[in-house]
1. Using packing as a proxy for protection, rank A:58-69, A:266-277 so that the peptide with the highest average count of other Cβ atoms within 10 Å comes first.
2. Could you check what % of the DSSP bridge pairs in chain B are antiparallel, to the nearest 5?
3. Quick one: which residues, 5+ away or cross-chain, put their amide H under 5 Å from the amide H of A:ILE95? H built at 1.01 Å from N.
4. Could you tell me which of rounded, prolate or oblate describes the protein assembly as shown, using a ≥ b ≥ c as the square roots of the eigenvalues of the alpha-carbon gyration tensor, with rounded for a/c under 1.5 and, failing that, prolate when a/b is larger than b/c and oblate otherwise?
5. So how tilted is helix A:297-313 from the main axis of chain A? Cα-based, degrees 0 to 90, rounded to 10.
6. Let's test this: bin the Cα-Cα distances of chain B at 20 Å from zero up to the farthest pair and state each bin's percent.
7. Report the gain in length on full extension from B:ALA319 to B:ASP161: 0.36 nm times residue separation, minus Cα-Cα distance, nm rounded to one decimal.
8. How big is the antiparallel share of DSSP beta bridges in the range B:250-346, given as a percent to the nearest 5?
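Taken together, the values in this text are just the output of simple stated rules run on the coordinates, not laboratory data. Bear in mind the structure is a predicted one, so any value in this text is a computation, not a measurement. Every residue, glycine as well, gets a Cβ built from its backbone with ideal geometry; the counts of neighbours run over all protein chains shown.
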Number of protein chains: 2
Amino acid sequence: MPATLRDVATHAQVSLRTVSNVIRGYTHVSDAMRKKVMDAITELDYRPNLVARTLRTGRTGVLALVVPEIDLPYFSTLARHVIDAAAELGYRVMIDQTGPDHDTERELFTSTDRRMLFDGILFAPLVTKTELDAMTITSSIPFVLLGEYEFDGTFDHVAIDNFQAAYDATSHLIGLGRTRIAAIGSQPDQAYATPQLRTAGYQQALLDAGITPDPALIRPAGHYRRSDGYEAARALLEAPEHPDAVFCYSDLLAIGALRGLDDAGLSVPDDIAVIGIDDIDEGVYSRPSLSTVSLDIPFIAHQAVAHLVRRIDDPDTPAEEVVAPHRLMPRESTLGATADQKTEAA
Amino acid sequence: MPATLRDVATHAQVSLRTVSNVIRGYTHVSDAMRKKVMDAITELDYRPNLVARTLRTGRTGVLALVVPEIDLPYFSTLARHVIDAAAELGYRVMIDQTGPDHDTERELFTSTDRRMLFDGILFAPLVTKTELDAMTITSSIPFVLLGEYEFDGTFDHVAIDNFQAAYDATSHLIGLGRTRIAAIGSQPDQAYATPQLRTAGYQQALLDAGITPDPALIRPAGHYRRSDGYEAARALLEAPEHPDAVFCYSDLLAIGALRGLDDAGLSVPDDIAVIGIDDIDEGVYSRPSLSTVSLDIPFIAHQAVAHLVRRIDDPDTPAEEVVAPHRLMPRESTLGATADQKTEAA
DNA sequence: TTGTATGCGTTATCAC
DNA sequence: GTGATAACGCATACAA
């Protein structure tokens, strides 16, 4: 049976209040008292009961991180850094998966069970604008949106510039002399912000280079998994004229495409160049290594947590937007194997 | 301000007790009462305060999952299935990372903050036997150990038969006619159970085939990351006589080795065959696709959660051991690319 | 500076 | 079957 505050108080011959003060680092307490209390604490091996404290203060010290699926490399890496960043600020992290279809996303905000278990939510799933609005209306819990770029001042936002990232990736392919450039990753349901922005950036880059975008070269992907990239790449090759480059909306799609092109007997990048977005470790070791647009995930995680905690501390802070930096990371899948061998360790 | 039990009671003109009974599905309550209460609940949009409930019952409904790093594919997949399995039983999951060096593992059990925040711990890190003993002594919280195979009846255990898995992988290489078979993944510190068992299985397979194990062919790996596999593979090639096969203690090591061998100008599997353990998705799409020993992670997760919850409900249940099945999954990295093209979707 | 008393929202123990 | 009431462990308004 763990010792309670009262046990410590009686043991140290002081009042409950004094013990509480000492524990919470209250300044105005005499050294003699403090020592007496500290001794009692160590002797009884007392640890505060966080549940009781929470009931009293309303703070749980827990953040929720909501992702589609935690075993997608991008999200597991994000989770890792979010957990670390949260720990630095004294918070722990609970992970919620919405699943490939995000039916549970709304439920999360309204559900019985989940509400009072955390102080704030980091929301990093695929979600449409309408759904998002519906959720924020019904919810008053502090939260930060990750990965969508459509700031409207309603809530805090941390994301890369998706349009520009897609633009940069496509421009890289154009700079290599490619002209029939395909895109993999548009969503059948055009309501999602991220793929929309990436398609737009891709198209703009083509236009700026004097290339007319060919709708037939834009392939949807149900999800952002390897298998989706694989299928999309194979489908792309069924058209009469092959593309000479593919821009994938995620590295995982690109990894799948790489394999799909190889199975079709095509050589990357000689026949077709491939580039993705995310810069997951897997792409550093793949063969060929994967050109990509690198996101600064530690930065994103850190910013997101910092903003969320700030909002928890002061709910009235005006909503802010953080645009995370991205940078082109050319590797073998566009430059060719001769460029160099594996250049980085992950 | 959220509605409380009291609000519901006054609104429904009944006592607190009755409302609580209805909510908790107590049987002996009249239909009239139940309806009256339910109406009040929906009208006031009442949701029970879980913190208050926890303070009263001592149950948080939260499990902790402790892993080295959540962004290692094996652990993120494990996490995914643990979260799902826990959800089915009404539990949520909190993830703790111990980091590459497991300094924080002990702290987890003794630390102030973390104790009363969850009902049980799923422990899936690298850990030595001595450390484990020390931890279990100081802790009384229900927990289940994942991934080590050294059952001594002290606590619940879920793991594959590491010895046999290594034996099977090595035997597969032997069956292919390979004779100079290296191993990557032994730990410099021999106190860890898993690598030890895998080394033992590897050596036994060699012995049973009449091959004398060559200590020079057993390479340590600091961690189980791609870069460690890469380095180990390169180091292996510096010896005068090359191995003709490599058994890696994890798929991630094998992925790194694959790239390392390729950078050295060697062909897999013609020059060197490679096999791993884990069956991560990445290996299905790599080039060549990675032969491996497949673990049934959903099964492992499900068993682990089930045992933990059982122990939470009845702390006196005798400790049990679950040996999860594994099965050899030969792919291109041992069979060659001609065998077939990508056979499965992940 | 320290002690006393009350309440956070729930469940459980007792009567009725 | 249902109603009052104590208690879970802590933090704080108030009093001293």
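1. Working: A:58-69: 21.0, A:266-277: 22.8.
Sorting A:58-69, A:266-277 by mean packing, highest first, produces A:266-277, A:58-69.
2. 15
3. Close amide H contacts, sequence-distant or interchain: A:LEU65, B:VAL93, B:ILE95.
4. Values: a/c = 2.05, a/b = 1.33, b/c = 1.54.
Oblate is the answer for the protein assembly as shown, as a/c is 1.5 or above yet b/c matches or exceeds a/b.
5. With both axes taken from Cα atoms, the answer is about 40 degrees.
6. Each 20 Å bin holds this share of Cα pairs: 28, 44, 20, 8, 0.
7. Full-extension gain reported as 55.1 nm.
8. On the way: 4 of 8 bridges.
Taking every DSSP beta bridge within the range B:250-346, about 50 percent pair in antiparallel fashion.
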